[in-house]
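Here the structure comes first, spelled out in structure tokens, and everything after it is commentary.
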Amino acid sequence: MTGRGARATAAEYRAFGVREARGQSATYERLALAVAEDARLLDLLDGVPEPRRQPNLLFAATRYLNGPVGEPAAFRDWAVRNWTEVAATMTARRTQTNEAARCGVLLPVLARLPQPLALLEVGASAGLCLYPDAYQYRYAGHSRVFGPVDSPVRLRCEVTGPIPLPSRMPEVVWRAGLDLNPLDVTRDDDLRWLEALIWPEHGHRRQRLRAAAGIVRADPPHLVRGDLLADLPRLAARAPREATLVVFHSSVLYQVPAPTRLAFTELVRGLPGHWISNEGAEVFPEIFPEITVPVPADGPQLSVLALDGRPLALAAPHGQRLEWLS
């Protein structure tokens, strides 16, 4: 560990192993903690652009290139031998986890907004979260099932707190996504990258990805390659006027610098309609410094679900749990 960058990277991998992977992926917990103590790997990561040093990106690039992740020593040896290709993949690709289960977090908010809806997702990846009306939902502790009975995508969300269950499914009349590098699930290579981003133990998520991709292939959304500041207003202006515009994003803002996050916050607040953010608890205080959210300082990583800047709930990163705030 020779430089300040390496020390920061080590801390990032250690935090990922303890707060994100622990209890979710024993494989990634072992790898992340091993990388945090490996001077050679940290030096190699120091040569990758800072935003691309993320654990998820390193491990996904390894799996995308058919490298081993099951055992830290084999992973380390393979990564060092193949670092040119690994670094190139990390530089060219992005962490674009497209988890349809996040719609289980969004649904209680979307269903209460004035209908019909025009959905615009920032950081849309392949657009799987633009189809909340096409999936089926169960909220633990509640007997009612929401969504189409024949949907191939069936989501289950553990809930605590006074969650407002939907009285109806949202009516979506327009779907659009904005991304620096939109993915196309009709392309085998893009689908392979999305699968590589899913953690090794999560076979159910891979099955869900393929089922959601089938829905998207049948009715593709309008995905635009663009920047969240420069291109958002132009895309938002294309939404039908008779629909409620809903700009939303999940686990996106941590990937951009703090000044960009603040500029985006000002921009989206000036648009018509509503804004749903589902971002990591560490990002929330930066974009809403006037609001305090009761997030534990340690323990599993959580996202803050907010509507127009007002926090509503705490959510697990992949949509598997939702704690509605009083």
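The values are calculated or read from the model by the stated rules, or taken from the named source; none is laboratory data. All figures in this text were calculated on a predicted structure; none of them were measured in a lab. Cβ coordinates were reconstructed from backbone atoms using ideal geometry, including for glycine residues, and neighbour counts include every protein chain displayed. Note: areas computed on protein heavy atoms with side chains; ligands, DNA, RNA excluded. Shrake-Rupley method; radii C 1.70, N 1.55, O 1.52, S 1.80 Å.
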Check your understanding: Expressed in nm², what is the orientationally averaged projection area of the convex hull enclosing the Cα positions of the range 260-326?
Key -> 4.9
**Study point:** Rule-of-thumb Rg ratio for the range 167-326 [Cα; 2.2 N^0.38 Å; N residues]
**Key:** 1.11
Practice item. With θ set to phi - 60°, apply the Karplus curve 6.51 cos²θ - 1.76 cosθ + 1.60 along the range 300-314 and write out the HN-Hα couplings as whole Hz, x wherever there is a Gly or Pro. Key: x, 5, 10, 10, 10, 8, 9, 10, 6, x, 9, x, 10, 7, 9
**Study point:** Cα-based Kirkwood hydrodynamic radius, the range 191-267, one decimal, Å
**Key:** 15.5
Practice item. Provide the FRET efficiency to the nearest 0.05 for the E50-D150 pair, computing r from the beta carbons and using R0 = 56 Å. Key: 0.75
Review point. Short version: ³J(HN,Hα) in whole Hz for each residue of the range 239-245, in order, from phi by Karplus 6.51 cos²θ - 1.76 cosθ + 1.60 (θ = phi - 60°), x for Gly and Pro, what are they?
Key: 5, x, 5, 7, 10, 7, 6
Review point. Applying 1/(1 + (r/R0)^6) with R0 = 41 Å to the Cβ-Cβ distance of E158 and L267, what FRET efficiency is obtained, to the nearest 0.05?
Key: 0.75
Check your understanding: Quick one: which of 241-250, 10-19 comes out on top by average Cβ neighbours within 10 Å, and what's the full order, highest first?
Key -> 241-250, 10-19
Practice item. Quick one: give the max-minus-min coordinate of the C-alpha atoms of the range 1-110 along each principal axis, largest first, in Å. Key: 48, 26, 25
Practice item. Using only C-alpha atoms and all pairs of different ones, pull out the Kirkwood radius for the chain in Å with one decimal. Key: 20.4
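Out of the total accessible area of the chain (probe 1.4 Å, heavy atoms of protein only), what percent is carbon and sulfur?
Working: 7130 of 13950 Å².
That share works out to 51 percent.
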**Study point:** Whole-Hz ³J(HN,Hα) from phi, Karplus 6.51 cos²θ - 1.76 cosθ + 1.60, for the range 145-152, glycine and proline x
**Key:** 9, 10, x, x, 5, 9, 5, x
**Study point:** Listed residues P289, A176, Q301: farthest to the positive end of the dipole of the range 172-306 (Cβ charges)
**Key:** A176
Review point. Say each of E195 and E171 gets a label point 7 Å from the Cα, pointing the same way as Cα to Cβ; how far apart are those two points in nm?
Key: 3.9
Exercise for review: Specify the residue with the greatest mean-square fluctuation among I198, I163, I291, computed from a Gaussian network of the chain linking alpha-carbon atoms under 10 Å apart.
Suggested key: I291
Point to revise | In range of the label at R206: residues from the range 67-103 whose backbone nitrogen is under 14 Å from the point 7 Å along Cα→Cβ | key: 67-70
Review point. How many angstrom separate the Cα center of the range 124-177 from the Cα center of the range 189-245?
Key: 15
Review point. Under 15 Å from the 7 Å Cα→Cβ point of D227, by amide nitrogen: which residues of the range 258-279?
Key: 258-265, 267
Practice item. Compare A218, A239, A26 in a GNM of the chain, Cα atoms joined below 10 Å, and give the one with the largest fluctuation. Key: A218
Review point. Separation between the I291 and A74 pseudo-spin-labels, each 7 Å from Cα along Cα→Cβ, expressed in nm?
Key: 4.6
Check your understanding: Taking all pairs of different Cα atoms in the range 11-62, averaging 1/r and flipping that mean, what Kirkwood radius in angstroms comes out?
Key -> 10.9
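Would you mind working out the accessible area per residue for the chain, using a 1.4 Å probe, and quoting it in Å²? Mind showing how you got there, number by number?
Values: 13950 Å² over 326 residues.
On a per-residue basis, the chain sits at 43 Å².
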Check your understanding: Given labels modelled 7 Å from the Cα in the Cβ direction, how far is it in nm from E85 to A15?
Key -> 3.2
Review point. Which one of W83, C103, P51 is farthest out on the positive end of the charge dipole of the range 1-124, using unit charges on Cβ (Lys, Arg +1; Asp, Glu -1) and the Cα centre as origin?
Key: C103
Review point. With springs only between Cα atoms under 10 Å, which of G280, G67, G104 fluctuates most in a Gaussian network model of the chain?
Key: G67
